[in-house]
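What follows is a single structure, written as structure tokens, with notes after it.
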Amino acid sequence: MAMEALTYDRAAAYKDEFPPQEYETWQPRKVMAVLLDIDPMTDKDSSIAIGQEEKYGVSAPKMTSLGTEKVLGLKTLKKHYDALGNYLHVQSLKSVRCGKTVDFIKFRKRCEEIAKFVSNVLSSPVYNCTIGVFSNLKCVECGNPIRKRIPSGESEVTAKCFECGATYTVVDEGEGKSQWAPHQHEIECASTNCSHKIVVWHHELEVGRRWECPSCKGENTFVLAINFKEAPNQSLNSTPENGAN
Ligand SMILES: [Zn+2]
Ligand SMILES: [Zn+2]
């Protein structure tokens, strides 16, 4: 429970960025995987120090440390969390029949190791620290504010509106500026007598989805199709291959 609580606490620090469809996720390992997707540094220990720059843009010569945060990371979760699950249940008939017994000495040792780690996390002078560079946009489709973290070392990320599903490519242009390109496509009416175009979001491109053309009032439907064309120079003396015809 301590490992779960620490992981959920961590997730709460990312609540603006956590996809609502993942709210049902409860296994700490899976929650941590979602967090790592948001911020690759989320399960790393970090230290914070402050100092006054003497020259703008040049690190201060004297820094004062505010402390280090110890984080319950994916490695520890992988090592201990699932292993503990084995002790939650009474031994199955099969393992009793096979003569397996619970090694309580080993179990206690594992619990002590976890307790020590959890104490270190909880006694960190810095707790649940997330620092990042963010870019914001009001969704052009629904107006919902979107906040996207730009992980260090990355200049291009994909952002999604949690309200309407619209997606964007966010390009970091440096100096606090970023460009948001909506994933939209211009689609022309499929009628040969009409060339009216509508704008469709990438997430709306689904087989079976239909719309009425605002110009000719005809109905368009997205379908999956294979187009076949015969080879241009078919050899006359080719012999048919063995097998299916
Ligand atoms: Zn939206
Ligand atoms: Zn049309």
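Once C-alpha pairs closer than 8 Å and six or more residues apart are averaged by separation and normalised to the residue number of segment 133-182, the relative contact order reads 27 percent. Between GLN27 and ALA231, the simple label model (points 7 Å from Cα in the Cβ direction) yields a spacing of 5.0 nm.
At a 1.4 Å probe, what is the % contribution of carbon and sulfur to the accessible area of the chain?
Details: 9530 of 18180 Å².
Its accessible area is 52 percent carbon and sulfur atoms.
From the alpha carbon centroid of segment 112-165 to that of segment 1-76 is 8 Å.
Here is the P(r) of segment 133-182: all C-alpha pair distances, binned every 10 Å from 0, give 28, 56, 15, 0 in whole percents.
Which one of ILE48, THR76, PRO28 has its Cα pushed farthest toward the positive end of the charge dipole of segment 3-85, where Lys and Arg give +1 and Asp and Glu give -1 at the Cβ? Positive-end residue among those listed: THR76.
Using Cα pairs closer than 8 Å and at least 6 residues apart in sequence, work out the relative contact order for the chain, in percent.
Numbers: 284 pairs, mean separation 26.9, N = 245.
Contact order relative to length: 11 percent.
Taking 13 Å as the cut-off, no amide N atom of segment 129-147 comes nearer than this to a point 7 Å along the Cα-to-beta-carbon line of THR158. Applying 1/(1 + (r/R0)^6) with r as the Cβ-Cβ distance of LYS75 and GLU4 and R0 = 22 angstrom yields a FRET efficiency of 0.85. Calculated [222 nm] ellipticity per residue, helices only, for the chain: -7500 deg cm²/dmol; basis is -39500 (n - 2.57) per DSSP H run with n ≥ 4, divided by all residues, nearest 500.
Quick check: net charge around LEU122, other residues with Cβ under 13 Å of its Cβ, Lys/Arg +1 and Asp/Glu -1?
On the way: positive: ARG10, LYS70, LYS116; negative: ASP9, GLU69.
Local net charge: +1.
Label zone of LYS44 (point 7 Å out along Cα→Cβ, amide N under 20 Å): in segment 70-89 this covers 70-78.
Name the residue, out of LYS177, LYS94, LYS44, whose mean-square fluctuation peaks in a Gaussian network model built on the chain with Cα pairs under 10 Å. Of LYS177, LYS94, LYS44, the most mobile in the Gaussian network model is LYS94.
Quick check: convex hull over the Cα atoms of the chain, volume per residue in Å³, rounded to an integer?
Values: hull volume 80.2 nm³, N = 245.
Hull volume normalised by residue count: 327 Å³.
Using a 10 angstrom cutoff on alpha carbons, build the Gaussian network for the chain and name the most mobile of GLU113, GLU54, GLU24. Checking each option, the largest mean-square fluctuation is seen for GLU54.
Taking ALA115, ALA49, ALA12 as the candidate residues, the one with maximal mean-square fluctuation in a Gaussian network model of the chain, Cα springs under 10 Å, is ALA49.
The values are calculated or read from the model by the stated rules, or taken from the named source; none is laboratory data. Everything numeric in this text was worked out from a predicted model, so none of it was measured. FYI the Cβ positions are ideal-geometry reconstructions off the backbone, even for glycines, and counts take in every protein chain you see. Remember, those area values only see protein heavy atoms, side chains included, never the ligands or the DNA or RNA. Shrake-Rupley method; radii C 1.70, N 1.55, O 1.52, S 1.80 Å.
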